[in-house]
Amino acid sequence: MQLSGVNKRVKWFSRGVTVLLIVGCNGILLGGLWASGINLEIILSQAEFFDPQKGACVGVAWVDVEGVDRPLRLCSEWLDFRDISGKTHKILQQEVIGMKTNGELYYRDQHHSHLQVAGLVGYVILVIGSGMWLKHSLIRWYRTRVEKRCEGPS
């Protein structure tokens, strides 16, 4: 077998490994994201509360706030004057709301979101780096195997 035949076989092997690793690494990434329980909708969104200087309240509700003995009456739906779409903004009902010592409200899951995002980015880098290392290792292994087979017994 000629050297071009070796290169052709390695090229096809490389393509197959690439496709398998793309599918496999994406599965690992999505599985890790699912297993972590991180809610990207909360972390990456600009979850907000009503600001009377930037909008108009159109609905109120009694909301349980972590750290407060009884429910608080909060603006649950408002128009934001900065939003030209005219859509109403709402507090996230499914998320736990906390109160800082200065009385400022926050979403508990978004409070430490920078750490979660940093961990997620680190995980993505680890999976991609491992996939790239594995791809190069497999291709190197296959190339030496094919070249030895082409050389024949010494």
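Under 10 Å, Cα contacts only: if you run a Gaussian network model on the chain, which one of GLU104, GLU66, GLU95 comes out with the highest mean-square fluctuation?
Top of the fluctuation ranking is GLU104.
By how many degrees, 0 to 90 and rounded to 10, does the Cα axis of helix 3-36 deviate from the longest principal axis of the chain?
20
So, in the chain, how many Lys pairs have Cα atoms under 27 Å apart, if the pair is 8 or more places apart or on different chains?
9
What is the helix-to-structure angle for 113-151, meaning the angle in degrees between its Cα long axis and the longest Cα principal axis of the chain, kept from 0 to 90 and rounded to the nearest 10?
Roughly 10 degrees, rounded to the nearest 10.
Using alpha-carbon pairs under 8 Å, 6+ residues apart, how would you state the relative contact order of the range 1-141 in percent?
24
Can you tell me the length gained on complete extension of the stretch TRP34 to ILE128, counting 0.36 nm per residue apart and subtracting the Cα distance?
Computed gain between TRP34 and ILE128 is 32.1 nm.
Check GLY59: other-chain or 5+ apart residues with amide H under 5 Å from its amide H, H built from backbone geometry?
The list, which skips near neighbours in sequence, is SER76, GLU77.
Within the range 70-93, name every residue whose backbone N is under 12 Å away from a label modeled 7 Å from Cα of GLU48 along the Cβ vector.
78-91
Would you please give the residues with an amide H less than 5 Å from that of VAL65, counting only those at least 5 places away or on a separate chain, with H modeled from the backbone geometry?
LEU72
Calculated from DSSP H runs of 4 or more alone, at -39500 (n - 2.57) each and per residue, what is the 222 nm mean residue ellipticity of the chain, nearest 500?
Roughly -18500 deg cm²/dmol at 222 nm, from the helical runs in the chain.
Rounded, prolate or oblate for the range 63-120? Axes are the square roots of the Cα gyration tensor eigenvalues, ordered a ≥ b ≥ c, and the cut-off for rounded is a/c under 1.5.
It comes out oblate by the Cα gyration axes.
Tell me, in nm to one decimal, what length is gained between ARG108 and VAL63 on full extension, where the rule is 0.36 nm per residue of separation less the Cα-Cα distance?
Additional length available on full extension: 14.8 nm.
Under the rule of at least 5 residues apart or a separate chain, name every residue whose amide H is placed under 5 Å from the amide H of VAL96.
So VAL96 has HN proximity to ARG108, ASP109.
Given a 10 angstrom Cα cut-off, can you work out which residue in ILE22, ILE97, ILE84 is the most mobile in a GNM of the chain?
Taking springs between Cα atoms under 10 Å, the residue moving most is ILE84.
Bear in mind these aren't lab numbers, they're just calculated from the coordinates by the rules spelled out. Remember, it's a predicted structure, so these values are computed and weren't measured experimentally. Because the Cβ atoms are built from the backbone with ideal geometry, glycine has one as well, and the counts that use them run over all protein chains shown.
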